[in-house]
Amino acid sequence: MNIQNTISKNFYQTTQNFANKELYFYKKNNKWIGLSGKAIESTVKDISFGLFSLGIGSGDQVAILSANSPRWCMTDYGIICSGATSVTIYPTLIASQVEYILNDSGSKVLFVENLEQLDKIKSIWANCSNLKNIVLMDDASCDDENVFTFSDFLNKGSDHEKESGKEFKELIEIASPDDLLTLIYTSGTTGNPK
């Protein structure tokens, strides 16, 4: 296997090489469910094109406010494969700390784990001038035109791929080895993250 010079290219190569192998697992109703490389690539592609449809790309920041899960990983790769930078936010942070991170990073889109996290964001959204859209990762519905369910966002990406005339392989070529991959904010015991 060839080692590529960016994470997005390595992701693509891995999912191509292991298209039929289960690479991610999650537990549902006390049963482990596996996701193949092909299924993972398809989801990541749709996330990347969904972001592309919102004008997100190289030099932009996209945040994730969620516990670890296969959707978290695929969202992270979707952001990276779009050429943008991932901003990771601990789901245990209070609203004012999340507000600080969103503003400091200039994040334009935020993926949130569930309605509980969305409620946290709604309390600060007016103070986050760069934040334009939110994606609910658990597919809960919300009556806000700037909030997408995860499934709707994937459909948006799939539709945009067809309209754009671009291929996923073109998107993953956007990133260069010198680009910023991820912003990780650490939190002290008091005050805003550092």
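The values are calculated or read from the model by the stated rules, or taken from the named source; none is laboratory data. Values in this document were obtained by computation on a predicted structure and should not be read as measured data. Cβ sites come from the backbone with ideal geometry, for glycine too, and all protein chains shown count toward neighbours. Accessible surface areas use protein heavy atoms only, side chains included; no ligands, DNA or RNA. Shrake-Rupley method; radii C 1.70, N 1.55, O 1.52, S 1.80 Å.
Which residue pairs have Cβ atoms under 6 Å apart, sit 6 or more places apart or on different chains, and have a first residue in segment 1-18 that is farther than 12 Å from Ile172 by Cβ and of a type outside the set (Gly, Ala, Ser) and a second that is surrounded by 15 or more Cβ atoms within 10 Å (Cβ to Cβ) and modelled with pLDDT of 95 or more?
Phe18/Gly37
Out of segment 40-66, which residues are among the aliphatic types (A, V, I, L, M) and either under 8 Å from the mean Cα position of the chain (by Cα) or open to solvent by 40 Å² or more (accessible area, probe 1.4 Å) (or both)?
To start, the set of residues in segment 40-66 that are among the aliphatic types (A, V, I, L, M) comprises 40, 44, 47, 51, 54, 56, 62-65.
Once the filter is applied, which keeps residues that are among the aliphatic types (A, V, I, L, M) and either under 8 Å from the mean Cα position of the chain (by Cα) or open to solvent by 40 Å² or more (accessible area, probe 1.4 Å) (or both), segment 40-66 yields Ile47, Leu54, Val62, Ala63, Ile64.
When you check Ala126 against the structure, is it under 21 Å from Asn68 (Cβ atoms) and either under 14 Å from the mean Cα position of the chain (by Cα) or without any contact (Cβ under 8 Å) to a residue 40 or more places away in the chain (or both), yes or no?
Values: under 21 Å from Asn68 (Cβ atoms): no; either under 14 Å from the mean Cα position of the chain (by Cα) or without any contact (Cβ under 8 Å) to a residue 40 or more places away in the chain (or both): yes.
For Ala126, the condition - under 21 Å from Asn68 (Cβ atoms) and either under 14 Å from the mean Cα position of the chain (by Cα) or without any contact (Cβ under 8 Å) to a residue 40 or more places away in the chain (or both) - is not met.
In segment 98-118, which residues are assigned to a strand (DSSP E or B) and among the aromatic types (Phe, Trp, Tyr)?
Going residue by residue through segment 98-118, those that are assigned to a strand (DSSP E or B) are 109-112.
Passing the criteria: only Phe111.
Tell me, which residue of segment 119-133 that is open to solvent by less than 40 Å² (accessible area, probe 1.4 Å) and part of a loop (DSSP other than H, G, I, E, B) is nearest to Asn146 (Cα to Cα)?
Filtering segment 119-133 for residues that are open to solvent by less than 40 Å² (accessible area, probe 1.4 Å) and part of a loop (DSSP other than H, G, I, E, B), the one nearest to Asn146 (Cα to Cα) comes out as Leu131.
How many of the residues in segment 97-107 are in contact with a helix residue (DSSP H, G or I) (Cβ under 9 Å, 6 or more places away or on another chain), polar (S, T, N, Q) and more than 20 Å from Asp179 (Cα to Cα)?
Let us first name the residues in segment 97-107 that are in contact with a helix residue (DSSP H, G or I) (Cβ under 9 Å, 6 or more places away or on another chain), namely 98-99, 102-103, 107.
Subsequent filtering for residues that are polar (S, T, N, Q) retains 103, 107.
Okay, now just the ones that are also more than 20 Å from Asp179 (Cα to Cα), so 103.
Result for segment 97-107: 1.
Looking only at segment 64-97, which residues are touching a strand residue (DSSP E or B) at 6+ places or on another chain (Cβ under 7 Å), assigned to a helix (DSSP H, G or I) and within 18 Å of Asn114 (Cα to Cα)?
Pro70, Trp72, Cys73, Thr75, Asp76
Here is a check on your reading of the model: is Asp119 farther than 28 Å from Ile7 by Cβ and either among the acidic types (Asp, Glu) or at pLDDT below 95 (or both)? Quick ask: steps written out before the conclusion?
Values: farther than 28 Å from Ile7 by Cβ: yes; either among the acidic types (Asp, Glu) or at pLDDT below 95 (or both): yes.
When the stated conditions are applied, Asp119 passes them.
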